[in-house]
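Coordinate-derived values only; no laboratory data. Source: prediction; values computed, not measured. Here Cβ is always computed from backbone atoms with ideal geometry, including for glycine, and neighbour counts include all displayed protein chains.
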Amino acid sequence: MGLNRDYIGKEFPPQEHVVKAEEIAAYALAIGSRNASFFGTNGYDSGLSVMAPPSYTVTYELPLLEKVWADPGLNGGEEQAKQNVLMLVHGDQNMKFYKPVKPGDKIVFTAKIDDIEDKGSGELLKLSVLSKDEKGEKVAESHWGLFIRGIGSGEKPKSSAPKAAPAAPPEPPPLAFRDVIRVPEDVTYKYADASNDHNPIHVNEQVAREAGLKGIIVHGLCTMSMTMKSIIESYLDADPGKLKALGVRFTAPVYPGDTLIVDGWETGEKNGNSSIAFEVTRESDGVKVIKGGTAEAAL
């Protein structure tokens, strides 16, 4: 059964969250970052102003969004909702960062269902969250693409564009940076606690297999945030405040213990920022786990 199209455009009441230093530190450690910008001074004056990892905002968005995508009215009943949640995987994520998030900040955020798309083998639920501070100024914006397997029409989406003749593959651009991510075996348990994402396919082997997976998989947002860390450390002089936008398309599951290669290259300027593209490849089999990644950074 497909999702209820009457929910398209539905907005949810504003929520509030007060940012805590310990939440920031836990999230940073869960994604493998020890960047001094994310931690306190341990009793001495380092001159650093603590800020959260840019993708930290998902930690307070997730509890609300979990209620949204598990809503029986959206799914066509409680039993169907349980099945849909089991079959849900992250398709894509796009984020914009307007202001650094710091300890003590009071964030007011609102969520909306932007669209529901039939993809044949499943449906894509598109959600957005806008975060503002106490002054009403934008802090961050998140766009979520969540793919629910098995509830589509079974028909491939039709394209109105004529098929183009196959083009020769472009020359690979010169790399601006390369980094290696060695995914810890216990990363899904740490990330689940730090991010408030307790989907059992990330922590329960049996549930993951019941969902048709090979085993426990790493949260898509964890893979994205570990990649974000690589971009900050390898390309942005370890300054997280330079990152202004981040977008990814998840194309294959990542498993605990994987080794991932992050490759990035410059693509010009956008919105007055430096623009880069990147992809993430599993070393063992050459599979791209993130394709079409994009980022913008302050010049």
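Between residue 29 and residue 110, the contour length at 0.36 nm per residue exceeds the alpha carbon distance by 26.4 nm.
Would you compute the Debye intensity of the stretch 5-149 from its alpha-carbon atoms alone, equal scatterers and no solvent, and pass along log10 I(q)/I(0) at q = 0.16, 0.18, 0.21 Å⁻¹ to two decimals? For the requested q values the scattering log ratios are -0.89, -1.04, -1.26.
Assuming R0 = 25 Å, what is the FRET efficiency of residue 273 and residue 36, from their Cβ-Cβ distance, to the nearest 0.05? Given R0 = 25 Å and the Cβ-Cβ separation, E is 0.60. Between residue 143 and residue 283, the distance separating the two model label sites (each 7 Å from Cα on the Cα→Cβ line) works out to 3.4 nm. Among 227, 294, the order by Cβ neighbours within 10 angstrom, fewest to most, reads 294, 227. Think of it as helices only: each DSSP H run of n ≥ 4 in the chain is worth -39500 (n - 2.57), and spread over all residues that comes to -6500 deg cm²/dmol at 222 nm.
Residues whose amide H falls under 5 Å from that of residue 254, counting only those 5 or more places apart or on a different chain, are 218, with hydrogens built in the peptide plane.
Taking all Cα pairs closer than 8 Å and separated by 6 or more residues, the relative contact order of the stretch 5-149 comes to 29 percent. Seen from all directions on average, the stretch 58-135 presents a Cα convex hull projection of 6.2 nm². Reducing the stretch 1-41 and the stretch 62-108 to their Cα centroids gives an inter-centroid distance of 10 Å. The translational diffusion coefficient of the stretch 93-249, from Stokes-Einstein at 4 °C and 1.567 mPa s with a Kirkwood hydrodynamic radius over alpha carbon pairs, comes to 68 µm²/s.
Among 136-147, 67-78, 213-224, sorting by the average number of other beta carbon atoms lying within 10 angstrom of each residue, highest first, gives 213-224, 136-147, 67-78. Here 177, 109 are placed in order of increasing Cβ neighbour count within 10 Å, fewest first, which gives 177, 109. Histogrammed with a bin width of 10 Å, the alpha carbon distances of the chain distribute as 6, 26, 35, 25, 7, 1, 0 percent, first bin at zero. Sparse packing (at most 13 other Cβ atoms within 10 Å of the Cβ) combined with a DSSP loop state is found for the following GluC sites (Glu not before Pro) in the stretch 258-296: 283. Cross-link partners of residue 242 among lysines, defined as those whose alpha carbon lies under 24 angstrom from its own and excluding same-chain residues fewer than eight positions apart: 20, 96, 99, 102, 106, 132, 135, 138, 229, 270, 291.
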